[in-house]
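Derivation of every value follows stated rules applied to the coordinates shown; laboratory data play no part. These numbers were taken from a predicted model, which means no experiment stands behind them. Cβ: placed from backbone, ideal geometry, glycine included. Neighbour counts: every protein chain shown.
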Amino acid sequence: MLKSQEILDPSSCLNRAKDDEIVFVLLGRDLAAPVAIKEWCAIRVKLGKNQWHDKQIEEALACAKAMEEKQNECNNS
């Protein structure tokens, strides 16, 4: 999700975080970000916290894909 959308969406992960909760942000330009997201999804499923078809996992994988596509665009221009 774009930063501007994340901030405006009251149900976003960022906005659901508690005021005193530690958060970690991955930037779309970071080549490691899509890999980290995919690994996070796999670990969540392995731990039984999610299933592959859960909305949270599908959204995370879509984010990783969008990051990869944008990175490929930047590398090919």
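Local charge for LYS65 was computed over the other residues whose Cβ lies under 14 Å away, with Lys and Arg +1 and Asp and Glu -1, and equals -3.
Taking R0 as 22 Å, what FRET efficiency do you get between VAL23 and SER77 from their Cβ-Cβ distance, rounded to the nearest 0.05?
Working: r = 31 Å, r/R0 = 1.43.
The value I calculate is 0.10.
Selection among LEU47, PHE24, VAL35 by position relative to the dipole of the chain gives LEU47 as farthest towards the positive end (Cβ unit charges, Cα centre).
Pair-distance distribution of segment 3-76: all C-alpha pairs, bin width 5 Å, starting at 0; shares per bin in whole percent are 3, 15, 20, 25, 22, 11, 3, 1, 0.
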